[in-house]
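Below: one structure, written as structure tokens.
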Amino acid sequence: QVQLVESGGGLVQAGGSLRLSCAASGRTFSSYPMGWFRQAPGKEREFVAAISRTGVTRLYADSVKGRFTISRDNAKNMVYLQMNSLKPEDTAVYYCNTDSTRVVVARTAGDYWGQGTQVTVSS
């Protein structure tokens with residue numbers, strides 16, 4: 001059973017930074033791409049970033065490109081999202097995500113989700 005556990009959310013002022021972490025367990029971590037999604041109040045869940053199995057390929061939503069960086073540590077079964085220059089519109093619950101079978105990195109959601117971590121950016 002794949003488990004994803006996010007941490008690192010919190011309250012930060014606009015222009016600040018946060019680093020989200022996601023601990024994965026239950027299968028060979030390095031065999032699958034990983035991603036981050038977010039959901040703001042009253043809005044649909046949206047793609048934020050994704051990273052390939054080796055970390056060579058990284059995909060970003062246009063809204064976060066240049067401000068957020070996704071990375072992974074396959075030795076620790078961890079994926080990270082470094083968020084810089086945060087804006088109030090980045091306020092959302094952030095979810096770690098992966099798929100049960102897909103091995104190619106993509107912007108679409110997989111079927112495993114973490115419980116989410118709240119990020120609030122004040123103006």
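Once every Cα of region 57-123 carries one equal point scatterer and solvent is ignored, give the base-10 log of I(q)/I(0) from the Debye formula at q = 0.29 Å⁻¹, two decimals.
These q points yield log10 I(q)/I(0) values of -1.52.
Give me the percent of the accessible area of the chain that comes from carbon and sulfur atoms, probe 1.4 Å, all protein chains in place.
About 48 percent, which is the carbon plus sulfur part of the accessible surface.
Per residue, how many Å² of accessible area does the chain show with a 1.4 Å probe?
Counting only protein heavy atoms, the per-residue value for the chain is 50 Å².
Could you state the principal axis extents of the C-alpha atoms in the chain, from the largest down, to the nearest angstrom?
41, 25, 24
Please list, by residue number, every one of the trypsin sites (Lys or Arg not before Pro) in region 35-87 that is coil in DSSP and has at most 12 other beta-carbon atoms within 10 Å.
Filter output for region 35-87: Lys43, Lys65, Lys76.
Under a cut-off of 24 Å between alpha-carbon atoms, report the lysines in cross-link reach of Lys65, not counting same-chain residues fewer than 8 places apart.
In chain and number order, the partners are Lys43, Lys87.
Using alpha carbon centroids, what distance separates region 1-68 and region 84-110, in Å?
With region 1-68 and region 84-110 each reduced to a Cα centre, they are spaced 4 Å.
The values are calculated or read from the model by the stated rules, or taken from the named source; none is laboratory data. It should be emphasised that the depicted structure is a prediction, and the values quoted were computed from it without experimental measurement. Glycine also receives a Cβ, built like all others from the backbone with ideal geometry; neighbour counts cover every protein chain displayed. Each accessible area value is taken on the protein alone, full model and side chains, heavy atoms only, with ligands, DNA and RNA left out. Shrake-Rupley method; radii C 1.70, N 1.55, O 1.52, S 1.80 Å.
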